[in-house]
Amino acid sequence: MSQFKLNGKVALVTGANSGIGAVTAKELALQGYHVFLACRSQQKAQLVIQEIQSLSHGQAKAEFIEMDLADLDSVRQCATQFLSRNLPLNLLIANAGLAGQKGMTTSGFELTFGVCHVGHFLLTQLLTEKLIESKPARVVVVSSKAHRHAQDIDFNAVLKSTKSFGGLKEYAVAKLANILFAKEMGRRLYGTGVTTYAVHPGVVSTNVWRSLPKPLVKLMGRFMISPEDGAKTTLYCATQPQLAGDTGFYYEDCKVKVSSHAAQNINLANALWEKSLTWVKQ
């Protein structure tokens, strides 16, 4: 690590205290980014930061910034705190998520949808000006192949508690929203120097599945990949120079893939954006 150099760029990674997010934050920090780990648990984030410091012999820059995506006031506080530092923002990675949990967020959304989409939508809105000012900048949104199980978004259902058994139907809707969000943001920010990417990381063994029944998790575990492999497509979209001109696409296995028919619906993407704007302004 005697060759370690800071690259002058700043990255903010949500859900960076475990799984794919932790691997992503670690890799970016070791590549020279000043990384902010935006998550709920300072204790867990601190363990990742300690590992980064150990691997870089204390030369990397990594910091915890508190944020709970289920609470829009917490998201606002996180953005305010970040902006008060007067740093650039070259990379925003909307990585945090959950699956199989049921209920509502503090801010009144179906739990998975509120955390995976609404919280990230607000965070990105609050940081868009900073991203444009810091161009070239990228926004990477971690979605899932599970988006293919959702044909539409019921804008009333996402304001109610989780209905389906196991919550996986709602997970599919939230992951569809992630792709539509990245696509619409790419369209709206076209030409600003900010590019967007939606990614399917693979079916990864992380605590995103923490609320599913243990025997099911054990069975699924046989077919899952490691967080290290799961972070590859995120890191590819975040750092590869050849993607600098691309925006709004969906990636699997470090390649552009065709997303579902619903995920390519421009009217649905626009409707979701407009609805999201009204939700976060309340």
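Under the condition of being touching a residue at least 60 places away in the same chain (Cβ under 8 Å) and over 16 Å from Leu92 (Cα atoms), the residues counted in segment 1-38 number 2.
Give me the residue from segment 10-23 that is aliphatic (A, V, I, L, M) and within 14 Å of the chain's Cα centre (by Cα) and, out of that set, nearest to Gln240 (Cα to Cα). Write out each step before concluding.
At the first step, the residues of segment 10-23 found to be aliphatic (A, V, I, L, M) are 10-13, 16, 20, 22-23.
Then drop every residue that is not within 14 Å of the chain's Cα centre (by Cα), which leaves 11-13, 16, 20, 22-23.
Values: Ala11: 15, Leu12: 17, Val13: 17, Ala16: 20, Ile20: 18, Ala22: 19, Val23: 17 Å.
The residue in question is Ala11.
State whether one or more residues within segment 140-152 are aliphatic (A, V, I, L, M), assigned to a loop (DSSP other than H, G, I, E, B), touching a helix residue (DSSP H, G or I) at 6+ places or on another chain (Cβ under 6 Å) and farther than 20 Å from Ser74 by Cβ. Please lay out each step first, then the result.
Here is the first cut: in segment 140-152, the residues aliphatic (A, V, I, L, M) are 140-142, 146, 150.
In the following step, the residues that additionally are assigned to a loop (DSSP other than H, G, I, E, B) were identified as 150.
The next check asks that each one be touching a helix residue (DSSP H, G or I) at 6+ places or on another chain (Cβ under 6 Å); those that pass are 150.
Applying the additional criterion that residues be farther than 20 Å from Ser74 by Cβ yields 150.
Checked segment 140-152: at least one residue is aliphatic (A, V, I, L, M), assigned to a loop (DSSP other than H, G, I, E, B), touching a helix residue (DSSP H, G or I) at 6+ places or on another chain (Cβ under 6 Å) and farther than 20 Å from Ser74 by Cβ.
Need at least 3 residues that are closer than 24 Å to Tyr236 by Cα and modelled with pLDDT of 95 or more per element, so show me which helices (runs of 4 or more DSSP H) inside segment 1-85 make the cut, counting only ones lying wholly within it.
By residue number, 19-30, 42-55.
Taking the criterion of being at pLDDT 95 or above, out of contact with any strand residue (DSSP E or B) (no Cβ under 6 Å at 6 or more places or on another chain) and among the aromatic types (Phe, Trp, Tyr), the only residue of segment 217-272 that qualifies is Tyr236.
Among residues of segment 250-279 that are over 14 Å from Lys183 (Cα atoms), those with a Cβ under 6 angstrom from a residue that is surrounded by fewer than 14 Cβ atoms within 10 Å (Cβ to Cβ), sequence gap 6+ or separate chain, pair up as Lys275/Phe155. Residues in segment 24-43 that are more than 20 Å from Pro136 (Cα to Cα) and under 13 Å from the mean Cα position of the chain (by Cα): Leu37, Ala38, Cys39.
Once segment 227-281 is narrowed to residues that are part of a helix (DSSP H, G or I), over 18 Å from the mean Cα position of the chain (by Cα) and of a type in the set (Val, Ile, Thr), the residue that is surrounded by the most Cβ atoms within 10 Å (Cβ to Cβ) is Ile266. Taking segment 78-136 as the range and being under 19 Å from the mean Cα position of the chain (by Cα), of a type in the set (D, E, K, R) and surrounded by 16 or more Cβ atoms within 10 Å (Cβ to Cβ) as the test, the residues that pass are Glu110, Lys130. Within segment 120-146, the residues that satisfy the criterion of being closer than 25 Å to Leu87 by Cβ and free of Cβ contacts under 8 Å to residues at least 60 places away in the same chain are Leu126, Glu129, Lys130, Glu133, Lys135, Ala137, Val139, Val141.
On the basis of being part of a helix (DSSP H, G or I) and closer than 24 Å to Lys281 by Cβ, does Phe155 make the cut? Walk me through how you get there before you give the answer.
Values: part of a helix (DSSP H, G or I): no; closer than 24 Å to Lys281 by Cβ: yes.
So Phe155 does not fit the description; no.
Inspect segment 169-188 for any residue being assigned to a loop (DSSP other than H, G, I, E, B), free of Cβ contacts under 8 Å to residues at least 60 places away in the same chain and more than 13 Å from the chain's Cα centre (by Cα) and give the result as yes or no. No, segment 169-188 has no match at all.
Given the structure, is Phe113 among the aromatic types (Phe, Trp, Tyr) and free of Cβ contacts under 8 Å to residues at least 12 places away in the same chain?
No; evaluated as a whole, the condition is false for this residue.
Report whether or not Gly108 is at positive phi and at pLDDT below 95. Here the answer is no, as Gly108 does not meet what is asked.
Pairs linking a residue in segment 147-160 that is on the phi < 0 side of the Ramachandran plot and surrounded by fewer than 12 Cβ atoms within 10 Å (Cβ to Cβ) to a residue that is at pLDDT 95 or above and assigned to a loop (DSSP other than H, G, I, E, B), with Cβ atoms under 9 Å and 6 or more positions apart or on different chains, are Asp152/Asn265.
The values are calculated or read from the model by the stated rules, or taken from the named source; none is laboratory data. Here the structure is a predicted model, which means the values were calculated and not measured. Neighbour counts run over all protein chains shown; Cβ positions are idealised from the backbone, glycine included.
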